[in-house]
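Trainee: The structure under discussion is supplied below as structure tokens; questions concerning it will follow.
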Amino acid sequence: MRKPGLKRVYETPSAADGTRILVDRLWPRGLTKAKARVDLWLKSVAPSTELRQWFGHDPDRWAEFQSRYRAELEANPDAVAELKAALRRGPATLVYGARDETHNDAVVLADWLATSGDS
């Protein structure tokens, strides 16, 4: 499985992105499907609505958010399997809508994928 790239969905898509996988539960505001050029939207691998709302992109909650989101990923093997299958097919980029490029679910997801093995 290749390591995915990370990119804000609002950035200009490029051929180097490979398969663009949106990993947010909500569609990004103000963005058309044509402009986003999302190949696969995996809502089910995104943090739960409750966790997303609790976190609110508050950096003070970052450590706890990571822990809770990792637990959700562990408890959601079907969604994770779909994501891993897509990553095995070739180059891919996890795209997300958050403004904060350091504290968001795609960062946690990419790190979790790198440390969770290929199962």
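Just so you know, all these numbers are worked out from the coordinates, no wet-lab data involved. The structure displayed is predicted, hence computed values, not measured ones. For neighbour counting, all protein chains shown are included, and Cβ atoms are generated from backbone atoms with ideal geometry for every residue, glycine included.
Trainee: Can we say F65 is touching a helix residue (DSSP H, G or I) at 6+ places or on another chain (Cβ under 6 Å), free of Cβ contacts under 8 Å to residues at least 24 places away in the same chain and buried (at least 17 other Cβ atoms within 10 Å of the Cβ)?
Mentor: no
Trainee: I've got another one for you. Where residues in the stretch 20-72 are under 15 Å from the mean Cα position of the chain (by Cα) and of a type in the set (F, W, Y), which of them is farthest from D100 (Cα to Cα)?
Mentor: Taking the candidates together, the pick is W41.
Trainee: List pairs: first residue in the stretch 78-106 and at positive phi, second residue among the basic types (K, R) anywhere in the structure, Cβ distance under 9 angstrom, at least six positions apart or on different chains.
Mentor: Qualifying pairs under 9 Å: G90/R2.
Trainee: Sticking with this one: Could you figure out which of (1) closer than 22 Å to T12 by Cβ; (2) under 13 Å from the mean Cα position of the chain (by Cα) isn't true of L113?
Mentor: With (1) closer than 22 Å to T12 by Cβ; (2) under 13 Å from the mean Cα position of the chain (by Cα) applied to L113, the lone miss is (1).
Trainee: Return the pairs, sorted by first residue and then second, in which the second residue is among the aromatic types (F, W, Y), the first residue lies in the stretch 21-44 and is closer than 9 Å to V9 by Cα, the beta carbons are less than 6 Å apart, and the residues are 6+ apart or on different chains.
Mentor: Here the result reads L22/W41, each pair linking the stretch 21-44 to a residue that is among the aromatic types (F, W, Y).
Trainee: E72: acidic (D, E) and buried (at least 16 other Cβ atoms within 10 Å of the Cβ), yes or no?
Mentor: Answer is yes for this residue.
Trainee: Quick one: in the stretch 89-106, of everything that is within 16 Å of D17 (Cα to Cα) and aliphatic (A, V, I, L, M), which residue is farthest from the chain's Cα centre (by Cα)?
Mentor: Looking at residues that are within 16 Å of D17 (Cα to Cα) and aliphatic (A, V, I, L, M), I get A92.
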